[in-house]
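Novice: Attaching a single structure in structure tokens format; questions to follow.
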Amino acid sequence: FDSAISTEDKLQKICQLLSDEVDYYNWVGFYFKNGDKNELKLGPYVGAATDHTIIPYGKGICGQVAESNQTFVVPDVYAQGNYLACSIETKAEIVIPIFKNGVNIGQIDIDSHTIDPFTEEDIKLLDYVCNRVSEII
Ligand code: SME
């Protein structure tokens, strides 16, 4: 990446690229820890606007990953009790944590309009992306 491009713009481009290249990635966005608060704040994203711009740790898929430090694949969001709906079209979700110096600082969140679309290939791709993102933030 060109260093003249801001981190914000780089993250925005990553969202755009992922959403353009994978047809079942229907909402792609970043959440990051909001300062020293135990909550996530919405960062760059591509897809429908969401009400969930702040998510307390523990709430929803994203909030659970903030606490578990583990990738969370949800093949059917309606089978998940602790879920925050962004769009009625969303059927599945994957959230991958981003670590900086071993600390969970945020995540990539992807919603799909397709039920159960995510495979090991998605996890590999998104792990790679998260590792690269960790290097630029
Ligand atoms: N569904 C998420 C909230 C974020 S939106 O998908 C963009 C959750 O349950 O945490």
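Novice: Work out from phi, with θ = phi - 60° and the Karplus expression 6.51 cos²θ - 1.76 cosθ + 1.60, the ³J(HN,Hα) of each residue of region 82-97, listed in order in whole Hz, and give x for Gly and Pro.
Specialist: Each residue of region 82-97 in turn: 8, 9, 9, 6, 9, 9, 5, 6, 5, 10, 9, 8, 9, 10, 10, x Hz.
Novice: Another question, if that's okay. On each of the three principal axes of the Cα atoms of region 3-127, give max minus min coordinate, whole Å, ordered largest first.
Specialist: On the principal axes, region 3-127 reaches 37, 31, 28 Å in Cα extent.
Novice: Mind listing the phi-derived Karplus ³J(HN,Hα) values for region 19-32, rounded to whole Hz, using 6.51, -1.76 and 1.60 with θ = phi - 60°, and x for any glycine or proline?
Specialist: With the stated coefficients, region 19-32 comes to 6, 6, 8, 10, 5, 9, 8, 9, 9, 10, x, 10, 10, 10 Hz.
Novice: Expressed as a whole percentage, what fraction of the accessible surface of the chain belongs to carbon and sulfur atoms when a 1.4 Å probe is rolled over the protein heavy atoms?
Specialist: 50
Novice: Under a 5 Å amide H to amide H cut-off, with H placed in plane at 1.01 Å, what residues pair with G58 once short-range neighbours are removed?
Specialist: Those lying under 5 Å, H to H, from G58 are G63, Q64, A66, E67.
Novice: A further question on this structure: Treating cross-link reach as a plain straight distance, find the lysines whose alpha-carbon is under 23 Å from the alpha-carbon of K59, omitting any fewer than eight places away in the same chain.
Specialist: Excluding near neighbours in sequence, the set is K33, K37, K41, K91, K100.
Novice: If you take every residue apart from Q64 with its C-beta less than 14 Å away from the C-beta of Q64, what net charge results, scoring Lys and Arg +1 and Asp and Glu -1?
Specialist: Net local charge, Q64 excluded: -3.
Novice: Most mobile of Q64, Q107, Q80 per a Gaussian network model of the chain (Cα springs, under 10 Å)?
Specialist: Q80
The values are calculated or read from the model by the stated rules, or taken from the named source; none is laboratory data. Just so we're clear, the structure is a prediction, and the values are computed from it rather than from any experiment. Heads up, the Cβs are rebuilt from the backbone with ideal geometry, glycines too, and the neighbour counts pull from every protein chain shown. Each accessible area value is taken on the protein alone, full model and side chains, heavy atoms only, with ligands, DNA and RNA left out. Shrake-Rupley method; radii C 1.70, N 1.55, O 1.52, S 1.80 Å.
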